[in-house]
Amino acid sequence: MNPIPVIAVFDVGKTNKKLFLFDESYNIVFERSARFNEIVDEDGFACENLDALKKSVLDSLNEVKRLKEFRLEAVNFSAYGASFVYLDKDGEAIAPLYNYLKPYPEKLKKQFYNTYGDEAKIAFETASPALESLNSGLQLYRIKYEQPELFKRIKYALHLPQYLSYLVSGRAFSDCTSIGCHTALWDFEKNDYHNWVKQEGLTNILAPIAPSNGVVEPAIETEHYQVGMGLHDSSAALIPYLASFNMPFVLLSTGTWSISLNPFNQSPLTAAELEKDCLNYIQYKGKPVRASRLFSGHEYDVGIKAIAEKYGEDVIKYRNISYDTDLEGDDITAYFELMNNLVAKQKEATDLVLNNSPVKRIFVDGGFSKNAVFMNLLAKAYPDVEVYAASMAQATALGTALAMHYAWNTKPSIPGDLINLKYYSGLNAFE
(Lines give C-alpha, C1' and ligand atoms only; values in the text may rest on other atoms or scores of the structure.)
Protein backbone atom coordinates (compact mmCIF):
# COMPACT_ATOMS: atom_id res chain seq x y z
CA MET A 1 0.00 0.00 0.00
CA ASN A 2 1.38 3.39 -1.00
CA PRO A 3 1.95 5.89 1.81
CA ILE A 4 -0.51 8.80 1.97
CA PRO A 5 1.02 12.20 1.11
CA VAL A 6 0.40 14.60 3.99
CA ILE A 7 1.16 18.06 5.35
CA ALA A 8 2.00 18.35 9.05
CA VAL A 9 0.62 21.40 10.84
CA PHE A 10 1.72 22.46 14.31
CA ASP A 11 -1.01 24.62 15.87
CA VAL A 12 0.43 26.20 19.03
CA GLY A 13 -2.01 27.89 21.35
CA LYS A 14 -1.41 29.36 24.79
CA THR A 15 -2.85 26.22 26.40
CA ASN A 16 -2.94 23.40 23.86
CA LYS A 17 -0.17 22.51 21.41
CA LYS A 18 -1.57 20.39 18.59
CA LEU A 19 -0.16 18.46 15.66
CA PHE A 20 -2.32 17.50 12.68
CA LEU A 21 -1.63 15.59 9.50
CA PHE A 22 -3.89 16.49 6.55
CA ASP A 23 -4.18 14.43 3.39
CA GLU A 24 -4.57 16.01 -0.05
CA SER A 25 -8.35 16.35 0.45
CA TYR A 26 -7.68 18.12 3.78
CA ASN A 27 -9.04 15.32 5.91
CA ILE A 28 -7.33 14.99 9.29
CA VAL A 29 -5.61 11.59 9.23
CA PHE A 30 -3.54 11.96 12.42
CA GLU A 31 -3.63 14.26 15.41
CA ARG A 32 -1.94 14.72 18.75
CA SER A 33 -2.26 17.26 21.54
CA ALA A 34 0.12 18.26 24.34
CA ARG A 35 0.23 20.71 27.22
CA PHE A 36 3.24 22.07 29.05
CA ASN A 37 3.45 23.62 32.47
CA GLU A 38 4.44 27.27 32.29
CA ILE A 39 7.74 28.45 33.72
CA VAL A 40 8.59 31.94 34.97
CA ASP A 41 10.82 34.70 33.61
CA GLU A 42 13.45 36.60 35.59
CA ASP A 43 10.71 38.68 37.22
CA GLY A 44 8.74 35.65 38.31
CA PHE A 45 6.00 36.21 35.70
CA ALA A 46 4.54 33.11 34.01
CA CYS A 47 5.72 32.41 30.45
CA GLU A 48 5.89 29.67 27.84
CA ASN A 49 8.28 26.76 28.40
CA LEU A 50 10.21 27.36 25.19
CA ASP A 51 12.61 24.46 25.67
CA ALA A 52 9.76 21.98 26.12
CA LEU A 53 7.97 23.41 23.07
CA LYS A 54 11.10 23.16 20.92
CA LYS A 55 11.73 19.56 21.97
CA SER A 56 8.09 18.61 21.38
CA VAL A 57 8.05 20.05 17.84
CA LEU A 58 11.28 18.36 16.77
CA ASP A 59 10.45 15.02 18.43
CA SER A 60 6.93 14.99 16.96
CA LEU A 61 8.24 15.77 13.49
CA ASN A 62 10.74 12.92 13.73
CA GLU A 63 7.93 10.61 14.81
CA VAL A 64 5.84 11.62 11.78
CA LYS A 65 8.77 10.88 9.48
CA ARG A 66 8.95 7.36 10.93
CA LEU A 67 5.27 6.60 10.27
CA LYS A 68 5.31 4.31 7.25
CA GLU A 69 1.65 4.91 6.32
CA PHE A 70 2.35 8.59 5.55
CA ARG A 71 4.73 10.45 3.25
CA LEU A 72 5.58 13.89 4.61
CA GLU A 73 5.36 16.50 1.84
CA ALA A 74 5.18 19.74 3.82
CA VAL A 75 5.23 21.28 7.29
CA ASN A 76 3.69 24.55 8.45
CA PHE A 77 3.01 26.30 11.73
CA SER A 78 0.41 28.54 13.34
CA ALA A 79 0.75 30.10 16.76
CA TYR A 80 -0.53 32.87 18.95
CA GLY A 81 0.97 36.28 18.25
CA ALA A 82 2.43 39.13 20.28
CA SER A 83 5.39 37.09 21.52
CA PHE A 84 8.98 37.16 20.27
CA VAL A 85 11.76 34.59 20.47
CA TYR A 86 15.21 36.19 20.64
CA LEU A 87 18.05 34.37 18.86
CA ASP A 88 21.78 34.97 19.12
CA LYS A 89 24.36 34.61 16.32
CA ASP A 90 24.39 30.83 16.88
CA GLY A 91 20.62 30.59 16.45
CA GLU A 92 19.98 29.82 20.11
CA ALA A 93 17.15 31.37 22.13
CA ILE A 94 18.72 33.67 24.71
CA ALA A 95 15.70 34.98 26.63
CA PRO A 96 12.31 33.75 27.84
CA LEU A 97 9.30 33.90 25.57
CA TYR A 98 7.87 36.82 27.53
CA ASN A 99 4.16 36.69 28.23
CA TYR A 100 2.12 39.32 26.40
CA LEU A 101 0.01 39.73 29.54
CA LYS A 102 3.02 40.91 31.55
CA PRO A 103 2.45 44.43 32.95
CA TYR A 104 4.36 47.15 31.09
CA PRO A 105 6.45 49.69 33.05
CA GLU A 106 4.65 53.03 33.24
CA LYS A 107 7.91 54.99 33.07
CA LEU A 108 9.00 53.24 29.86
CA LYS A 109 5.55 53.69 28.32
CA LYS A 110 5.71 57.44 28.98
CA GLN A 111 9.21 57.59 27.50
CA PHE A 112 8.02 55.85 24.32
CA TYR A 113 4.96 58.02 23.73
CA ASN A 114 6.77 61.24 24.71
CA THR A 115 9.35 60.44 22.04
CA TYR A 116 7.14 59.28 19.18
CA GLY A 117 3.70 60.77 19.71
CA ASP A 118 0.72 60.12 21.93
CA GLU A 119 -1.10 56.80 22.15
CA ALA A 120 -3.86 57.86 19.76
CA LYS A 121 -1.37 58.93 17.07
CA ILE A 122 0.69 55.71 17.21
CA ALA A 123 -2.46 53.60 17.42
CA PHE A 124 -3.92 55.30 14.35
CA GLU A 125 -0.75 54.96 12.27
CA THR A 126 -0.11 51.31 13.23
CA ALA A 127 -3.81 50.28 13.34
CA SER A 128 -3.01 48.86 16.79
CA PRO A 129 -4.90 49.86 19.93
CA ALA A 130 -2.50 50.78 22.75
CA LEU A 131 -2.25 47.40 24.46
CA GLU A 132 1.14 47.61 26.20
CA SER A 133 2.86 44.17 26.08
CA LEU A 134 0.26 42.94 23.57
CA ASN A 135 1.93 45.39 21.18
CA SER A 136 4.94 43.15 20.60
CA GLY A 137 6.98 46.05 19.23
CA LEU A 138 6.91 47.54 22.71
CA GLN A 139 8.40 44.30 24.04
CA LEU A 140 11.43 44.95 21.80
CA TYR A 141 11.58 48.54 23.00
CA ARG A 142 11.50 47.32 26.60
CA ILE A 143 14.43 44.96 26.11
CA LYS A 144 16.49 47.66 24.44
CA TYR A 145 16.15 49.97 27.44
CA GLU A 146 15.80 47.54 30.35
CA GLN A 147 18.26 44.85 29.18
CA PRO A 148 20.75 46.57 26.86
CA GLU A 149 23.33 43.76 27.13
CA LEU A 150 20.74 41.20 26.05
CA PHE A 151 19.62 43.50 23.23
CA LYS A 152 23.19 43.66 21.88
CA ARG A 153 23.30 39.85 21.65
CA ILE A 154 20.10 39.54 19.60
CA LYS A 155 20.67 38.66 15.96
CA TYR A 156 17.00 38.01 15.18
CA ALA A 157 13.72 38.64 16.97
CA LEU A 158 11.19 36.20 15.51
CA HIS A 159 7.49 36.04 16.28
CA LEU A 160 6.57 32.60 17.61
CA PRO A 161 5.15 31.12 14.34
CA GLN A 162 8.32 32.08 12.47
CA TYR A 163 10.53 30.71 15.25
CA LEU A 164 8.79 27.33 14.91
CA SER A 165 9.48 27.42 11.18
CA TYR A 166 13.10 28.35 11.91
CA LEU A 167 13.50 25.25 14.08
CA VAL A 168 12.90 23.07 11.03
CA SER A 169 14.33 25.16 8.18
CA GLY A 170 17.20 26.92 9.91
CA ARG A 171 16.16 30.06 8.01
CA ALA A 172 14.98 33.24 9.74
CA PHE A 173 12.07 35.16 8.23
CA SER A 174 9.39 37.62 9.29
CA ASP A 175 5.82 37.30 8.08
CA CYS A 176 3.17 39.94 7.44
CA THR A 177 0.44 38.14 9.42
CA SER A 178 2.55 38.37 12.58
CA ILE A 179 4.01 41.85 11.94
CA GLY A 180 0.60 43.28 11.06
CA CYS A 181 -1.44 42.16 14.06
CA HIS A 182 -1.57 44.76 16.90
CA THR A 183 2.24 44.89 17.11
CA ALA A 184 2.58 48.70 16.73
CA LEU A 185 5.42 47.88 14.30
CA TRP A 186 3.74 48.48 10.94
CA ASP A 187 2.64 51.76 9.38
CA PHE A 188 -0.46 50.77 7.43
CA GLU A 189 -0.54 53.92 5.31
CA LYS A 190 3.13 53.67 4.25
CA ASN A 191 2.98 49.84 4.07
CA ASP A 192 6.34 49.68 5.82
CA TYR A 193 7.78 49.52 9.30
CA HIS A 194 6.78 52.55 11.33
CA ASN A 195 9.30 55.35 11.66
CA TRP A 196 9.88 54.64 15.38
CA VAL A 197 10.97 51.07 14.55
CA LYS A 198 13.64 52.39 12.19
CA GLN A 199 14.79 55.11 14.55
CA GLU A 200 15.30 52.58 17.34
CA GLY A 201 17.31 50.31 15.03
CA LEU A 202 14.87 47.45 15.41
CA THR A 203 14.84 46.66 11.69
CA ASN A 204 18.39 45.33 12.17
CA ILE A 205 17.07 42.43 14.25
CA LEU A 206 13.79 41.84 12.40
CA ALA A 207 14.38 39.10 9.82
CA PRO A 208 13.60 39.65 6.12
CA ILE A 209 9.89 39.56 5.30
CA ALA A 210 8.89 36.49 3.30
CA PRO A 211 5.55 35.78 1.55
CA SER A 212 3.08 34.03 3.87
CA ASN A 213 2.69 31.23 1.32
CA GLY A 214 6.44 30.99 0.74
CA VAL A 215 8.36 27.76 1.26
CA VAL A 216 11.95 26.77 1.97
CA GLU A 217 13.84 23.51 2.23
CA PRO A 218 14.41 21.87 5.63
CA ALA A 219 17.75 22.39 7.36
CA ILE A 220 18.61 18.68 6.98
CA GLU A 221 19.72 18.29 3.37
CA THR A 222 18.60 14.67 3.12
CA GLU A 223 14.98 15.61 3.90
CA HIS A 224 12.64 16.25 0.98
CA TYR A 225 9.61 18.22 2.15
CA GLN A 226 8.62 21.88 2.03
CA VAL A 227 8.68 24.13 5.10
CA GLY A 228 6.22 27.02 5.42
CA MET A 229 6.88 30.42 6.97
CA GLY A 230 4.37 30.05 9.82
CA LEU A 231 1.19 32.11 10.34
CA HIS A 232 -0.42 34.12 13.10
CA ASP A 233 -3.36 31.98 14.23
CA SER A 234 -6.07 34.63 13.69
CA SER A 235 -5.00 35.02 10.07
CA ALA A 236 -4.82 31.27 9.55
CA ALA A 237 -8.41 30.75 10.74
CA LEU A 238 -9.67 33.12 8.04
CA ILE A 239 -7.97 31.30 5.14
CA PRO A 240 -10.55 28.50 4.62
CA TYR A 241 -13.25 31.17 4.18
CA LEU A 242 -11.17 33.26 1.79
CA ALA A 243 -10.42 30.10 -0.19
CA SER A 244 -14.08 29.02 -0.31
CA PHE A 245 -16.08 32.22 -0.85
CA ASN A 246 -15.73 35.14 -3.25
CA MET A 247 -18.75 37.12 -2.06
CA PRO A 248 -17.81 39.65 0.69
CA PHE A 249 -18.38 38.30 4.18
CA VAL A 250 -17.67 38.87 7.85
CA LEU A 251 -16.41 35.99 9.96
CA LEU A 252 -17.50 36.01 13.59
CA SER A 253 -15.12 33.62 15.31
CA THR A 254 -16.52 32.86 18.76
CA GLY A 255 -14.93 31.51 21.91
CA THR A 256 -13.81 33.15 25.13
CA TRP A 257 -13.31 36.18 22.90
CA SER A 258 -15.61 36.67 19.92
CA ILE A 259 -13.67 38.23 17.07
CA SER A 260 -15.43 39.91 14.12
CA LEU A 261 -13.24 39.82 11.00
CA ASN A 262 -13.92 41.71 7.78
CA PRO A 263 -11.36 41.18 4.99
CA PHE A 264 -13.44 43.40 2.68
CA ASN A 265 -13.21 46.67 4.61
CA GLN A 266 -10.16 48.62 3.46
CA SER A 267 -11.08 51.98 5.02
CA PRO A 268 -8.66 53.52 7.55
CA LEU A 269 -9.51 53.11 11.21
CA THR A 270 -10.86 56.13 13.07
CA ALA A 271 -9.68 57.18 16.53
CA ALA A 272 -13.14 56.29 17.90
CA GLU A 273 -12.91 52.77 16.46
CA LEU A 274 -9.44 52.26 17.95
CA GLU A 275 -10.74 53.37 21.35
CA LYS A 276 -13.36 50.61 21.08
CA ASP A 277 -10.60 47.98 20.63
CA CYS A 278 -11.04 47.80 16.87
CA LEU A 279 -7.89 47.16 14.84
CA ASN A 280 -6.57 46.28 11.40
CA TYR A 281 -4.27 43.38 10.77
CA ILE A 282 -2.74 41.91 7.65
CA GLN A 283 -4.06 38.67 6.19
CA TYR A 284 -1.87 36.10 4.46
CA LYS A 285 -2.16 37.74 1.02
CA GLY A 286 -1.01 41.07 2.43
CA LYS A 287 -4.36 42.89 2.55
CA PRO A 288 -5.77 44.54 5.69
CA VAL A 289 -8.50 42.86 7.72
CA ARG A 290 -10.76 44.91 10.01
CA ALA A 291 -11.20 43.22 13.38
CA SER A 292 -13.07 43.89 16.61
CA ARG A 293 -13.35 41.77 19.71
CA LEU A 294 -15.81 41.17 22.52
CA PHE A 295 -15.31 39.18 25.74
CA SER A 296 -18.62 37.46 25.09
CA GLY A 297 -17.73 33.82 25.73
CA HIS A 298 -16.47 34.73 29.17
CA GLU A 299 -19.53 36.89 29.85
CA TYR A 300 -21.79 34.02 28.76
CA ASP A 301 -20.06 31.54 31.09
CA VAL A 302 -20.30 33.93 34.05
CA GLY A 303 -23.96 34.72 33.26
CA ILE A 304 -25.05 31.09 32.88
CA LYS A 305 -23.33 30.13 36.12
CA ALA A 306 -25.07 32.99 37.96
CA ILE A 307 -28.50 31.98 36.60
CA ALA A 308 -27.98 28.33 37.51
CA GLU A 309 -26.90 29.20 41.05
CA LYS A 310 -29.74 31.69 41.59
CA TYR A 311 -32.46 29.26 40.50
CA GLY A 312 -30.90 26.02 41.77
CA GLU A 313 -30.44 24.52 38.32
CA ASP A 314 -27.58 22.74 36.57
CA VAL A 315 -25.85 24.79 33.84
CA ILE A 316 -26.37 21.82 31.50
CA LYS A 317 -30.07 22.78 31.35
CA TYR A 318 -29.21 25.83 29.23
CA ARG A 319 -26.81 24.14 26.85
CA ASN A 320 -29.24 23.22 24.08
CA ILE A 321 -32.26 25.47 24.54
CA SER A 322 -34.12 26.05 21.29
CA TYR A 323 -35.13 29.50 20.14
CA ASP A 324 -38.85 28.64 20.32
CA THR A 325 -38.57 26.54 23.50
CA ASP A 326 -41.62 25.38 25.42
CA LEU A 327 -39.70 25.73 28.68
CA GLU A 328 -41.04 28.35 31.07
CA GLY A 329 -39.87 29.90 34.31
CA ASP A 330 -37.94 32.84 35.68
CA ASP A 331 -34.62 31.18 34.91
CA ILE A 332 -35.57 30.79 31.23
CA THR A 333 -36.59 34.45 31.14
CA ALA A 334 -33.22 35.34 32.68
CA TYR A 335 -31.45 33.17 30.12
CA PHE A 336 -33.12 34.96 27.21
CA GLU A 337 -32.31 38.34 28.79
CA LEU A 338 -28.66 37.28 28.97
CA MET A 339 -28.66 36.19 25.32
CA ASN A 340 -30.43 39.36 24.16
CA ASN A 341 -27.85 41.49 25.97
CA LEU A 342 -24.97 39.50 24.51
CA VAL A 343 -26.30 39.74 20.97
CA ALA A 344 -26.90 43.50 21.37
CA LYS A 345 -23.25 43.91 22.40
CA GLN A 346 -22.17 41.60 19.59
CA LYS A 347 -24.03 43.69 17.03
CA GLU A 348 -22.29 46.80 18.32
CA ALA A 349 -18.89 45.10 17.99
CA THR A 350 -19.60 43.58 14.58
CA ASP A 351 -20.96 46.88 13.25
CA LEU A 352 -17.49 48.34 13.83
CA VAL A 353 -16.07 46.08 11.12
CA LEU A 354 -19.08 46.25 8.78
CA ASN A 355 -18.91 50.05 8.47
CA ASN A 356 -20.72 50.38 5.12
CA SER A 357 -18.67 47.63 3.44
CA PRO A 358 -20.48 45.48 0.82
CA VAL A 359 -20.96 42.49 3.13
CA LYS A 360 -24.06 40.36 2.65
CA ARG A 361 -23.04 37.30 4.68
CA ILE A 362 -21.96 36.69 8.26
CA PHE A 363 -20.37 33.33 9.05
CA VAL A 364 -20.28 32.34 12.73
CA ASP A 365 -17.92 29.63 13.89
CA GLY A 366 -16.86 28.38 17.31
CA GLY A 367 -19.00 27.88 20.39
CA PHE A 368 -21.86 30.30 19.69
CA SER A 369 -22.43 28.81 16.23
CA LYS A 370 -23.95 25.81 18.05
CA ASN A 371 -26.25 27.98 20.19
CA ALA A 372 -29.62 28.21 18.44
CA VAL A 373 -30.81 31.14 20.57
CA PHE A 374 -27.68 33.18 19.83
CA MET A 375 -27.83 32.40 16.10
CA ASN A 376 -31.52 33.27 15.70
CA LEU A 377 -31.15 36.51 17.68
CA LEU A 378 -28.13 37.46 15.57
CA ALA A 379 -30.08 36.75 12.39
CA LYS A 380 -32.91 39.00 13.67
CA ALA A 381 -30.36 41.72 14.43
CA TYR A 382 -29.18 41.58 10.79
CA PRO A 383 -32.33 41.16 8.68
CA ASP A 384 -30.58 42.37 5.50
CA VAL A 385 -27.60 40.02 5.85
CA GLU A 386 -27.49 36.23 5.44
CA VAL A 387 -26.36 34.70 8.75
CA TYR A 388 -24.83 31.21 8.76
CA ALA A 389 -23.47 28.88 11.40
CA ALA A 390 -20.26 27.52 9.91
CA SER A 391 -18.41 24.44 10.98
CA MET A 392 -15.24 22.68 9.95
CA ALA A 393 -12.61 20.63 11.66
CA GLN A 394 -9.78 22.72 13.14
CA ALA A 395 -10.11 25.97 11.15
CA THR A 396 -6.73 27.41 12.21
CA ALA A 397 -4.77 24.28 11.35
CA LEU A 398 -6.72 23.83 8.10
CA GLY A 399 -5.98 27.41 7.06
CA THR A 400 -2.30 26.89 7.82
CA ALA A 401 -2.29 23.86 5.53
CA LEU A 402 -4.23 25.67 2.78
CA ALA A 403 -1.70 28.53 2.73
CA MET A 404 0.81 26.02 1.29
CA HIS A 405 -1.60 24.19 -1.04
CA TYR A 406 0.22 24.85 -4.30
CA ALA A 407 3.61 23.99 -2.80
CA TRP A 408 2.79 20.38 -1.92
CA ASN A 409 -0.70 19.26 -2.98
CA THR A 410 -0.99 17.53 -6.37
CA LYS A 411 -4.71 18.35 -6.67
CA PRO A 412 -5.17 21.38 -8.95
CA SER A 413 -7.74 23.16 -6.79
CA ILE A 414 -8.84 23.43 -3.18
CA PRO A 415 -11.91 21.27 -2.34
CA GLY A 416 -15.21 23.13 -2.36
CA ASP A 417 -16.74 21.34 0.61
CA LEU A 418 -14.40 22.37 3.41
CA ILE A 419 -17.05 24.30 5.35
CA ASN A 420 -20.50 23.14 6.43
CA LEU A 421 -23.10 25.93 6.59
CA LYS A 422 -26.48 26.23 8.33
CA TYR A 423 -28.61 29.25 7.39
CA TYR A 424 -30.54 31.20 10.03
CA SER A 425 -33.44 33.47 9.05
CA GLY A 426 -34.10 34.79 12.55
CA LEU A 427 -36.79 32.16 13.09
CA ASN A 428 -35.43 28.88 11.82
CA ALA A 429 -32.28 27.20 10.62
CA PHE A 430 -31.94 25.54 7.24
CA GLU A 431 -29.25 23.08 6.18
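Table for the structure above
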| read-out | value |
| --- | --- |
| Filtered residues of the range 322-333 (kept if surrounded by fewer than 18 Cβ atoms within 10 Å (Cβ to Cβ) and touching a helix residue (DSSP H, G or I) at 6+ places or on another chain (Cβ under 6 Å)) | Ser322, Asp331 |
| Those residues of the range 14-25 which are open to solvent by 20 Å² or more (accessible area, probe 1.4 Å) and either in contact (Cβ under 8 Å) with a residue 24 or more places away in the chain or of a type in the set (A, V, I, L, M, F, W, C) (or both), in sequence order | Lys14, Lys18, Glu24, Ser25 |
| Test: Glu48 is closer than 23 Å to Ser235 by Cα, among the acidic types (Asp, Glu), open to solvent by 10 Å² or more (accessible area, probe 1.4 Å) and within 21 Å of the chain's Cα centre (by Cα) | yes |
| Any hit, the range 246-261, residues being open to solvent by less than 40 Å² (accessible area, probe 1.4 Å) and out of contact with any helix residue (DSSP H, G or I) (no Cβ under 9 Å at 6 or more places or on another chain) | yes |
| Qualifying helices (runs of 4 or more DSSP H) (wholly inside the range 83-155; at least 1 residues being out of contact with any Pro (no Cβ under 8 Å at 6 or more places or on another chain) and under 23 Å from Asn191 (Cβ atoms)) | 106-116, 119-126, 136-146 |
| Lys54, sole failed condition from (1) crowded, with 16+ Cβ neighbours inside 10 Å; (2) under 14 Å from Val168 (Cβ atoms) | (1) |
| The range 276-317 - residue that is exposed (fewer than 14 other Cβ atoms within 10 Å of the Cβ) and acidic (Asp, Glu) and, of those, nearest to the chain's Cα centre (by Cα) | Asp301 |
| Of residues in the range 178-219 being surrounded by fewer than 17 Cβ atoms within 10 Å (Cβ to Cβ) and polar (S, T, N, Q), the one nearest to the chain's Cα centre (by Cα) | Asn191 |
| In the range 1-13, the residues that are assigned to a loop (DSSP other than H, G, I, E, B) and open to solvent by less than 70 Å² (accessible area, probe 1.4 Å) | Pro3, Gly13 |
| Spans of helices (runs of 4 or more DSSP H) in the range 233-319 with at least 3 residues farther than 27 Å from Lys17 by Cα, in contact with a Leu (Cβ under 8 Å, 6 or more places away or on another chain) and not hydroxyl-bearing (Ser, Thr, Tyr) | 296-311 |
| Count of the range 386-404 residues which are free of Cβ contacts under 8 Å to residues at least 60 places away in the same chain and either aliphatic (A, V, I, L, M) or outside any strand (DSSP E or B) (or both) | 2 |
| Residue identified as under 27 Å from Leu252 (Cα atoms), in contact with an Asp or Glu (Cβ under 7 Å, 6 or more places away or on another chain) and touching a residue at least 24 places away in the same chain (Cβ under 8 Å) among Asp187, Asp175 | Asp187 |
| Residue list for the range 1-40, filter: under 21 Å from Ala407 (Cα atoms) and among the acidic types (Asp, Glu) | Asp11, Asp23, Glu24 |
| The range 143-170 residues that are on the phi < 0 side of the Ramachandran plot and free of Cβ contacts under 8 Å to residues at least 12 places away in the same chain, paired with ones that are open to solvent by 10 Å² or more (accessible area, probe 1.4 Å) and in a strand (DSSP E or B) (beta carbon under 7 Å, 6 or more apart) | none |
| The lone exception for Asn246 - which of (1) free of Cβ contacts under 8 Å to residues at least 60 places away in the same chain; (2) of a type outside the set (Lys, Arg); (3) under 18 Å from Gly366 (Cβ atoms) it fails | (3) |
| Tally, over the range 99-125, of residues that are within 18 Å of the chain's Cα centre (by Cα) and open to solvent by less than 50 Å² (accessible area, probe 1.4 Å) | 2 |
| Lone unmet requirement of (1) within 16 Å of the chain's Cα centre (by Cα); (2) under 16 Å from Glu73 (Cα atoms); (3) among the charged types (D, E, K, R) for Lys411 | (1) |
| Enumeration of residues in the range 26-63 that are in contact with a Leu (Cβ under 9 Å, 6 or more places away or on another chain) and in a loop (DSSP other than H, G, I, E, B) | Tyr26, Phe36, Asp41, Phe45, Asn49 |
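Each row is one residue, and each column tells you yes or no for (1) modelled with pLDDT of 95 or more; (2) touching a Phe, Trp or Tyr at 6+ places or on another chain (Cβ under 7 Å).
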| site | (1), (2) |
| --- | --- |
| Ile39 | yes, no |
| Asp43 | yes, no |
| Leu50 | yes, no |
| Leu53 | yes, yes |
| Asp59 | yes, no |
| Gly81 | no, no |
| Lys89 | yes, no |
| Ile94 | yes, yes |
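The values are calculated or read from the model by the stated rules, or taken from the named source; none is laboratory data. Here the structure is a predicted model, which is why all the values come from computation and not from measurement. Cβ atoms come from the backbone with ideal geometry, glycine included; neighbour counts cover every protein chain shown. We work out accessible area using only protein heavy atoms, side chains counted, and drop any ligands, DNA or RNA first. Shrake-Rupley method; radii C 1.70, N 1.55, O 1.52, S 1.80 Å.
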